[in-house]
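Computed from the coordinates by the stated procedures, all read-outs in this text should not be read as laboratory data. This structure is a prediction, so every number in the text was calculated from the model and none was measured. Here the Cβ is made from the backbone with ideal geometry for all residues, glycine too, and neighbour counts use every protein chain on show.
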Amino acid sequence: MGLSVLSTTVLTVTVGRLWQTYTAKIGKNPEQTATTLNIQLPDARNYPHIAVRAGGFSLIELMITIAIVAVIAMIGIPAVGNFILNDRIRSQSGDLTLQLAHARSEAMRTASRVSICPGSDSGCDGSSAWENGRVAFIDTDGDGTHDIGETIISVSNTLDGNNTLRSAVFSTYISFRHDGSSADTAGAGQTGSFALCDSRGFGDDARAIVITATGRIKALEANAAGSGISNCGT
């Protein structure tokens with residue numbers, strides 16, 4: 001004779017003892033009278049390893065969890081901050097390199113002089129603070145300054161993050177001639193660098209954008225050999 005256990009189970013708890021009640025049918029005939037089996041489990045007080053614990057955290061567990069979270073935050077937050085700064089300065093370095101390359105390309109394409117100066121679409125602002133914006137234009141009279149009637153080919157906005165962009169050689173302008181070379185308003189070739197810095201200052205985190213007299217452009221770490229800079233220029 002087999003014992004088939006029904007799907008319904010009733011759990012009954014009494015003080016100091018745990019009772020488990022099963023309702024089952026005996027035999028193959030479903031119409032037979034159901035029989036109830038009451039099984040007494042061992043006293044939970046005598047077997048603490050089977051005691052059911054209430055849910056939740058103890059004070060010690062909570063304190064340990066808070067300590068772990070604090071350690072992770074101390075390690076993770078500075079790392080995220082550096083990631084943002086590195087991504088920003090790389091992006092700004094890339095934008096400047098692209099604008100310089102485009103100006104050089106336009107000078108060669110149009111067989112004219114193209115200059116870039118600190119400023120906006122209103123023209124050059126006469127400062128040496130390149131971080132406040134840059135404007136590139138067809139420099140028809142070759143004076144390194146945007147004049148009425150000279151075509152603007154690109155404009156860059158103020159740098160984010162209070163980053164600085166300065167150059168000792170290209171203090172107020174940089175020009176490219178029809179052959180792609182870099183030259184001053186007198187026609188002499190120019191080789192120089194831009195120093196791009198953020199809140200971390202000069203060092204491995206800063207960037208140097210180097211322009212040779214032939215017009216070649218490359219971006220380096222500020223401390224790299226051949227960067228041509230020794231400070232942020234501010």
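For the reader, a short list of remarks on this structure follows.
- In region 132-174, residue farthest from ARG216 (Cα to Cα) [restricted to those that are buried (at least 18 other Cβ atoms within 10 Å of the Cβ) and among the small types (Gly, Ala, Ser)]: GLY133
- Residue within region 145-165 that is charged (D, E, K, R), out of contact with any Gly (no Cβ under 6 Å at 6 or more places or on another chain) and over 20 Å from MET108 (Cβ atoms) present: yes
- Only listed residue being touching a residue at least 12 places away in the same chain (Cβ under 8 Å), under 24 Å from GLY215 (Cβ atoms), of a type in the set (D, E, K, R) and in contact with a Gly (Cβ under 7 Å, 6 or more places away or on another chain), chosen from ARG113, ARG177, ARG90: ARG113
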